[in-house]
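Q: Dropping the structure in here first, questions after.
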Amino acid sequence: MTKFIKNGSNKIEVKITGSLKNCLGPHHNNPAPGFVGFSSWRNIEKMPAGKDYQLINYGLTDDFYLYQEK
């Protein structure tokens, strides 16, 4: 990255890519984070209401800093 940095102010664009967990589920039975399979939809009596979905936080959730090593 050093060859792209110039003296003074620089603009850095950061692209964040998430997962489809919050869109596609599963939203029930408290599955382990990162684990989804066909068994995740077994033995479901009823789907939870949207307000009760098990969602995960992802993305850039804090300030972004760029440091220079000396």
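Q: Using the basic label-point model (7 angstrom from Cα toward the beta carbon), what is the ARG42 to GLN54 distance in nanometres?
A: Once both label points are built, they end up 1.6 nm from each other.
Q: Scan (i) 27, 24, 12; (ii) 41, 12, 10; (iii) 30, 22, 12 for the value of semi-axes √(5λ) of the Cα gyration tensor in Å calculated from this model and give just the label.
A: Given (i) 27, 24, 12; (ii) 41, 12, 10; (iii) 30, 22, 12, the structure-derived one carries the label (ii).
Q: Looking at the chain, identify the longest residue range that excludes and avoids all chymotrypsin sites (Phe, Trp or Tyr not before Pro) in DSSP loops having at most 11 other Cβ atoms within 10 Å.
A: Values: sites that count: PHE35, PHE64, TYR65, TYR67.
Longest stretch, sites excluded: 1-34.
Read the figures in this text as sums done on the coordinates, not as results from a lab. These figures come from a predicted structure and were not determined experimentally. Virtual Cβ from ideal backbone geometry, glycine too; neighbours counted across all protein chains shown.
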